[in-house]
Amino acid sequence: MGWQFTDDVEGYAASVLPLLSADPAWHTIGLTVVENARHRTAPLMAPETFGWWTQPDGRVSGAVSLTPPYPLLLEAVPVDALRPLVTALGPRLTGANGPLGPVTELAALWAARTGGSPQLVMA
């Protein structure tokens, strides 16, 4: 099925909480993003975008969030979902945060697509 995106935190939560809650210590940031979005009282500088990757069997195996001013959070993203993610986000993809392996691969795919040169800011 691929990537699905929404600005509705409750729709996102319904899709990804089973994935994230399976390992709450590893997914602390992603779970915190959901709770912060649920209880936000002031608007962000730009709309939030939440996404999840659905396998052909219907299982959700990926979760990302874009909550400005922060870069894209790769909370859980299978390797085969990275190229479609770069394509789907296009120019909204200006940075990424998450595990070094997937972020490095995402940066390489982004650079190949845009001709840009990714920079590691923090590891």
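Being assigned to a helix (DSSP H, G or I) and at pLDDT 95 or above narrows it down to one of A37, A14, so name that one.
Details: A37 fails: at pLDDT 95 or above.
That would be A14, the only listed residue that is assigned to a helix (DSSP H, G or I) and at pLDDT 95 or above.
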Subset of the stretch 96-108 that is within 16 Å of Y70 (Cβ to Cβ) and touching a helix residue (DSSP H, G or I) at 6+ places or on another chain (Cβ under 9 Å) - its residue that is least open to solvent (accessible area, probe 1.4 Å): L106
Top-ranked residue of the stretch 52-64 - restricted to ones that are surrounded by fewer than 24 Cβ atoms within 10 Å (Cβ to Cβ) and in contact (Cβ under 8 Å) with a residue 40 or more places away in the chain, ranked as farthest from R113 (Cα to Cα): G58
Long-range neighbours under 6 Å by Cβ, at least six apart or interchain, first residue within 13 Å of Y12 (Cβ to Cβ) within the stretch 23-35, second assigned to a helix (DSSP H, G or I) and modelled with pLDDT of 95 or more: G30/L20; L31/L20; V34/A13
Residue within the stretch 67-79 that is more than 23 Å from T114 (Cα to Cα) and open to solvent by 50 Å² or more (accessible area, probe 1.4 Å) present: no
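The values are calculated or read from the model by the stated rules, or taken from the named source; none is laboratory data. Worth saying up front: this structure is predicted, and the values here are computed from it rather than measured. So basically every Cβ, Gly included, is an ideal-geometry build from the backbone, and we count neighbours across all protein chains shown. Accessible surface is based on the protein model in full, side chains and every heavy atom, while ligands, DNA and RNA are left aside. Shrake-Rupley method; radii C 1.70, N 1.55, O 1.52, S 1.80 Å.
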